[in-house]
Amino acid sequence: MTANGFYEEIIIAGFGGQGIMLTGRLLAQTAMEAGKEVTYMPSYGAEVRGGTANCMVVLANEPIACPVVGRPDSLIVMNKASLNKFAPRLKTGGLLIMNSSLIDTEPQLDDSIEIITVPADELAVELGSPKSANMVALGAYLQKRGHLTPDAAAQALPDVLAKRYHKTLPVNAEALRRGAEFAKACCTSRAKKQ
Amino acid sequence: MSERVLMCGNEALAEAAIIAGCDAYFGYPITPQNEIPAYMSRRMPEEGRVFVQSESELAAISMVFGASATGKRTMTSSSSPGISLMQEGISYLAGAELPAVVVNVMRGGPGLGNIGPSQCDYFQATRGGGHGDYRTIVFGPSSVQELVDCMPLAFDLADQYRMTVVVLADGILGQMMEPIVLEKKPGRELPPKDWALTGAKGREQNIVRSLWLPEGSLEKHNNKLQAKYEQVQKNEVLCEQYEVDDAEIVVVAYGVAARVVRAAVNKARENRIKAGWIRPITLWPFPTEQISKAADEFRIFLTVEMSNGQMVEDVKLAVAGKAPVLLHGRPGGGVPTVDEILDKIKQLSIPTKS
């Protein structure tokens, strides 16, 4: 947050194949269509070859300083390695969306950080689309932050998803909504302390 | 096409080059700019234009030389180590006065370095880079939109002055996505390419060369080039500044570093520190006059660079001893943060009583 208001830095991380980059691009596209300033920065370094993937998205109402995020306001992690790597970097008062389907530990974090554990893979399987776990997690994030809606993300999805996957648009829209509903029902593992 | 689209810098600059009328692209892959040849390999044939993935960077720049000699708009792109390999060709382009656009998406050096973002090729780009007494025009854009906007200008300036224009981006700018507007705008009125090798039927032959053996001929040629560079220095400087008038501290930065500086200076102003910034958009010609003017009143100059300090030397030349010039440099892939620059500004500011 700055004097001008809204400035949100997000890291999304997981392993290759979980749709991490697509999730970041969808968030960026949704924000752009909502008229916000936005940057999206993929990891392109040597770590990509090691099987992990992450991207950084900055959303704001003012020109964005740097697309590289050191300390995120929000973190979406889809696997344990990413949790270990990025959770310590969260800002005080930050938001952690954690895929509990693949992460069995409770991170030791500052009490100010709000943790939402979402069984993203299980919920995606229930919807009949195991690959949509990323959309479930993004839906939970959007619900928690409230600056963009899961429906707006669903509308932006055709712009970032390759045409050959467009038959999955309805189920991914459903996954976004499912994630949002789950977060709304409040699966907070501990209350956010003010 | 005037709607906002989300594109990464590499693809956006490639599309901007196509819109600017680039006839031929030659290149060899290297991270972090692989999206440029990948995009061009698809789009150039679609447009009925030329794409060649060369066998090396040396071949790519030589192909640029050949295509440019025929009067075609041509470009190449690479990243730091690949640009080093191209220096011989760039020097020959300068000698033969051939237009070309060279995009350098910089990575960390020296040597193979790493693939992180960097601004470590400033010296190489702004001092010519290869052998001989020559210059290249250098753009240091700081957003994907500015990267897009400088492409048509790069082609126009290359044609107008018959010289190489370097677009100096970095790994962040190449990889990051930002909303941009792509549109064709009217370009400059350009002189006819009556020097080009187009077949000498019905006219005197044209000769494109960089070899001047007769006594005195190379000195004359060099003086001609120099006169051209003076015109560029006089007419083509681009620079942006903010809140410099009352500033006690002026931060000078270009490219991605300038974005971070802008945010840090805004925060400094919120803390009632009198800070401002100057952002060179052309790195050569350098905004020497603007910086010199700012130094007429006493202020502290702080240069922020993603290197161990290269542009800082041009800032010092411009300030010419009238004020202190300090450096905050992050080499080898390091990216300065807003708080880090704000801390520097705070250290340099004169405490005001509240």
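The values are calculated or read from the model by the stated rules, or taken from the named source; none is laboratory data. Remember, predicted model here, so these are calculated numbers, not experimental data. Using ideal geometry, Cβ is built from the backbone for each residue, glycine included, and neighbour counts are taken over all protein chains shown. SASA here: full protein model, heavy atoms, side chains in, ligands and nucleic acids out. Shrake-Rupley method; radii C 1.70, N 1.55, O 1.52, S 1.80 Å.
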inquiry  = Cβ contacts < 7 Å: first residue on the phi > 0 side of the Ramachandran plot and modelled with pLDDT of 95 or more, restricted to the range A:91-117; second residue open to solvent by 10 Å² or more (accessible area, probe 1.4 Å) and not hydrophobic (A, V, I, L, M, F, W, C), any location; separation 6+ or different chain. Result?
reply    = A:Gly93/A:Ser112
query = Among A:Thr188, A:Thr149, which is among the β-branched types (Val, Ile, Thr) and at pLDDT 95 or above?
reply = A:Thr149
key: Residue that is under 24 Å from B:Phe286 (Cβ atoms) and without any contact (Cβ under 8 Å) to a residue 24 or more places away in the chain, where the choices are B:Pro45, B:Pro99, B:Pro110   = B:Pro110
task = Enumerate the pairs (first residue in the range B:298-323 and under 18 Å from B:Lys344 (Cβ atoms) and touching a residue at least 40 places away in the same chain (Cβ under 8 Å); second residue anywhere and basic (Lys, Arg) and open to solvent by 70 Å² or more (accessible area, probe 1.4 Å)) with beta-carbon separation below 8 Å, excluding pairs fewer than 6 apart on the same chain, so at least 6 apart or on different chains.
result = B:Glu305/B:Arg330; B:Met306/B:Arg330; B:Ser307/B:Arg330
request  = For the range A:157-173, name all the residues that are touching a residue at least 12 places away in the same chain (Cβ under 8 Å) and either closer than 16 Å to A:Asn79 by Cα or in a helix (DSSP H, G or I) (or both).
outcome  = A:Leu157, A:Asp159, A:Val160, A:Thr168, A:Leu169, A:Val171, A:Asn172, A:Ala173
query = Within the range B:107-160, which residues are hydrophobic (A, V, I, L, M, F, W, C) and within 14 Å of chain A (Cβ to nearest Cβ)?
reply = B:Leu112, B:Ile115, B:Val144, B:Leu147
task = Output the residues belonging to the range B:151-160 that are open to solvent by 10 Å² or more (accessible area, probe 1.4 Å) and either among the hydrophobic types (A, V, I, L, M, F, W, C) or outside the structural domain of B:Ala14 (by TED's automatic domain parsing) (or both).
result = B:Leu153
query = Just one of the numbered conditions (1) buried (at least 21 other Cβ atoms within 10 Å of the Cβ); (2) touching an Asp or Glu at 6+ places or on another chain (Cβ under 9 Å) is not true of B:Leu348; which one?
reply = (1)
query = Right, B:Trp277: in contact (Cβ under 8 Å) with a residue 60 or more places away in the chain, open to solvent by less than 70 Å² (accessible area, probe 1.4 Å) and aromatic (Phe, Trp, Tyr) or not?
reply = no
ask   = Is there a residue being of a type in the set (Phe, Trp, Tyr), within 26 Å of B:Val315 (Cα to Cα) and in contact with a Cys (Cβ under 7 Å, 6 or more places away or on another chain) anywhere in the range B:138-155?
value = yes
remark   = Exactly one of B:Arg209, B:Arg203 is exposed (fewer than 10 other Cβ atoms within 10 Å of the Cβ) and either over 30 Å from B:Ile341 (Cβ atoms) or more than 21 Å from the chain's Cα centre (by Cα) (or both), and that residue is B:Arg203
task = Might you check whether a residue that is in contact with a helix residue (DSSP H, G or I) (Cβ under 7 Å, 6 or more places away or on another chain) and modelled with pLDDT under 95 occurs anywhere in the range B:318-333?
result = no
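Residues in the range B:317-333: is at least one part of a helix (DSSP H, G or I) and either in the same structural domain as B:Leu153 (by TED's automatic domain parsing) or open to solvent by 20 Å² or more (accessible area, probe 1.4 Å) (or both)?
Within the range B:317-333, one or more residues are part of a helix (DSSP H, G or I) and either in the same structural domain as B:Leu153 (by TED's automatic domain parsing) or open to solvent by 20 Å² or more (accessible area, probe 1.4 Å) (or both).
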request  = Give me a count of the residues in the range B:6-27 that are open to solvent by 10 Å² or more (accessible area, probe 1.4 Å), closer than 22 Å to B:Ala158 by Cα and not in a helix (DSSP H, G or I).
outcome  = 4
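Every residue, every condition in (1) among the hydroxyl-bearing types (Ser, Thr, Tyr); (2) touching a Cys at 6+ places or on another chain (Cβ under 7 Å); (3) modelled with pLDDT under 95, yes or no:
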site	(1), (2), (3)
B:Glu243	no, no, no
B:Val250	no, no, no
B:Gly255	no, no, no
B:Val261	no, no, no
B:Val265	no, no, no
B:Gly276	no, no, no
B:Arg279	no, yes, no
B:Ser292	yes, no, no
B:Lys316	no, no, no
